[in-house]
Amino acid sequence: MRVSSAEETIQRLIFSLSELEQLGQTLISGHSNFNVSSKTYLRITLGTLQASGGAIYCFHPSDNHLTLAASTPESEMSPIEIEQTEVETLLECSLIALDTPPESLQQFIDRNAELMDGNVKHRLWVPLKIHDEFLGILSLSGLFGRAKFEEWEQELLNILAHQISIAIAYSRIVEGIQSEKFRLFMLAESAPQICQLLQPEDAAEQVVHQAVALLDANVGGLMLIQQAQQKLELRYIFPPTLLISEEAGEDDKETLSISLDSDESETSESDVKTSLDMLAGVVKEGKTNRCFTKADNLFGGRNLMAGPIQGRDGDILGVLVVGDKEERGGRTAEFTDEDEVLIDSFAKQAGVAIENAHLHQEALEARQLQTEMEEARKIQENLIPDTLPDIPGYEVAGHYEPRGPVGGDYFDCIELVAGGWGLAIADVSGKGMQAALLMATLRAGLLSELSSARGRESDESVDMKNELIDMAMTLNSLLYVSGTEEKYATFFYSHLNPDTDILTTLNGGHNPPIIVKNGGSIVWLGEDVGGLPLGMFPNDMVPLIAKYEAEQTKLESGDLVIFYTDGVTETVNIDDEFYDEERLEQIAKKSHGGDAPSICNLIYESVMDFQGDADQFDDLTLLVLRKK
Amino acid sequence: MANKLDIQIRAERQYAVLETAGYLNDALGEKLSKKALELIEKGYTQLVINLDKTALINSIGISILIEIIEALEEREGTLNFCGLSATQERTFRMMAIAKYAGIFPDEKTAIANF
């Protein structure tokens, strides 16, 4: 009997050595994930020790929980909580017989016996540990035909438990390395990727997505500072369904903004009670912060971390937020100091990306504006006459000079079908395509009016003054419906009958032209009978504010009429002085006696001399009419 | 990108395709792992994971994919991925996942390369 028992022992020892070798191979085979290899470890352990059943429980220190990694026979178990004192007791023990456990563990065993038993009747626990690190429990049930372990079997059990502990620790180290490798790669990879995004919306979305993945988070958001209103405004949130859960609804932008008003954002660490406090604090202090809050109206009650988004010059552009960090097994984890470093580093890259996208957007808008300006300029220049007609008994000359962004000056001299001549000068408000289109509308409307009934002086019943007033009302209505309140045109129209030398004029809010009489005296035309600019108010309001009026002047030989836009009188010199009406009057008197083109040129040169090197932003237009 | 977690399974005689939709984090990863291990238990050793509708993967998602590869390796099986974005493909290569699993542009090619 003694020989056969010795032989059996030797055979089991040989088997054990072979199984231990297999354990070692499992460990170095590359199957680092203990979730996968735990069943193999348990099978080898049970086979070596000839135990009928058992289980391996893994300890998760982040939240002091034990989870079932493997069991024979197979069973399932929800994670169970374990107190720190109980962990400390387990660390002090090597083998624990469950019928006589240490007193400090009795409560834990009683509390969880039902949960942990499952299909396994546990009899013996071996704490899994390396030095002072508790890793889990190896639990064994009945032994085949034996009441208890021999001493050498206990030693073998300790060796196997140590192997399993090494496997768990190794698995965690590898998982940690993989996780860090993943994070470093993501950090390196994300920078060029997000910097390539040229649309601010795309950049915001990618920044949040990358941050969420990088930090194993489940929610994230990007808020940028709205400088004008001193608010943080939400630009992107992940998952987007978070918005739907907002009480106020997804369209209520107010709920997605945080005031950065100094009184409201005064925060210290102890004041941080909500994510709103935290986000305002991150902007104010320019450094990463964390909080766990239940009272929150943006991200809900969540474990949050936020880092400042900075531009190239160090200005805070906004805040990057992540929340609900997770661990394997669905457990929520707290953000660590390392996570703070990570979000800080990522937020720096994100700042460059977001700034790039916004700069690109601005450049695109500027280019689009420039293109529009060029198109508008072409439209406008096509509306200005290249040459002016010869009016019998008169000289006429004009000059148009575009200066700066497209304004909207217009002048024309039109021979009327019904006889006579129409001289128009106008200045459309605003700039760019809208101004050019409004000017085109004005010109089309004017030509249409002039080609129909206006100017039929041969019909004695027609009162020219009323004709011009009617025309002004028609043009006012046309421009009012064509533009906005800010879009209007100052307009001065003159009808010249060269047979009678009667000049009938109407002023729609334009600079009054000057008449320099043959004797040198000055008359300002339309100064006392000025109406409103065209298109500023609807027709029914015009009479209530300032109705259009017309006046008539008889021109005599040598009389000079100078029409101009405010680009002349509002030209500034380097001392910020206006050229003004006084200088225009002086040069007009001085020029008296010359022909129309030379007078026009003299006035222009005078304005240019006055201007010197000062920048100008408004077009300059002159139209000169002289009775021979 | 809505974070609607979903897994579609198309099991044929020789192989099975698992198609994920949403953020591959712990929640979706655990679902994927459970489905994959069930298929492996049923004897499937050729699996395709289609990530076309998964734009975002975190480190836990990666570790779960590695776990599935290891579980398949134990049965001498093969895992092929498809529908990866360029960044995901680079990540998989950097994480050495590409050493133990195939990466293909689409499901058809992934299936044809078992």
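Taking the fewest neighbouring Cβ atoms within 10 Å as the starting point, the ordered list for A:Tyr57, A:Tyr564 is A:Tyr57, A:Tyr564. Quick check: Cα centre of the range B:55-78 to Cα centre of the range A:193-228, how many Å? Distance between centres, Cα-based: 28 Å. When the charge dipole of the range A:384-627 is built from unit charges on Cβ atoms (+1 for Lys and Arg, -1 for Asp and Glu) and taken about the Cα centre, the candidate among A:Gly419, A:Met471, A:Tyr493 whose Cα reaches farthest toward its positive end is A:Gly419. You can think of it this way: the chain between A:Asp463 and A:Glu83 has 126.3 nm of extra reach, that is 0.36 nm per residue less the Cα-Cα gap.
Expressed in Å, the radius of gyration and Dmax of the Cα atoms of the range B:31-114 are 11.8, 33.
Overall, chain A carries a charge dipole of about 2240 debye about its Cα centre when +1 sits on the Cβ of Lys and Arg and -1 on the Cβ of Asp and Glu, all other atoms neutral. Relative protection proxy for A:412-418, A:521-527, from highest mean packing down: A:412-418, A:521-527 (other beta-carbon atoms within 10 angstrom).
Taking the centroid of alpha carbons for each part, the range A:500-518 and the range A:48-119 are 105 Å apart.
Ranking A:Ser179, A:Val87, A:Leu215 by how far each Cα lies toward the positive end of the dipole of chain A (charges on Cβ) leaves A:Val87 at the top. Between A:Ala188 and A:Leu447, residue separation times 0.36 nm minus the direct Cα-Cα distance comes to 86.7 nm. In the range A:384-627, a dipole from Cβ-located charges (positive for Lys and Arg, negative for Asp and Glu) runs towards its positive end, and of A:Ile545, A:Leu447, A:Phe617 it is A:Leu447 whose Cα lies farthest in that direction. The distance linking the range B:86-102 with the range A:354-412 is 57 Å (Cα centroid to Cα centroid, whole angstrom).
Quick check on my link table: of A:Lys431/A:Lys547; A:Lys129/B:Lys34; A:Lys325/A:Lys348, which ones sit more than 25 Å apart, alpha carbon to alpha carbon? Distance filter (> 25 Å) returns A:Lys431/A:Lys547; A:Lys129/B:Lys34. Each Lys and Arg adds +1 at its Cβ and each Asp and Glu adds -1 at its Cβ; summed about the Cα centre, chain B shows a dipole of about 200 debye. Partners of A:Lys378 within straight-line reach, counting aspartates and glutamates whose Cα lies under 15 Å from its Cα and excluding those fewer than 8 residues away in the same chain: A:Asp386, A:Glu401, A:Asp409, A:Asp619. Each Cα pair of the protein assembly as shown feeds into the Kirkwood radius, which the Stokes-Einstein equation turns, at 10 °C and 1.306 mPa s, into a diffusion coefficient of 47 µm²/s.
Treat each spin label as a single point 7 Å out from the Cα along the C-beta direction, and report the A:Lys628 to A:Lys348 distance in nm. Those two pseudo-labels are separated by 8.1 nm. When DSSP beta bridges are limited to those with both residues in the protein assembly as shown, what percentage is antiparallel, rounded to the nearest 5? Percent antiparallel among DSSP bridges in the protein assembly as shown is about 85.
Any read-out appearing in this document is the output of simple, stated calculations on the displayed coordinates, not a laboratory observation. What you see is a predicted model; the values in this text were computed from it and never measured. With ideal geometry, Cβ positions are generated from the backbone for all residues, glycine too; neighbour counts draw on all protein chains shown.
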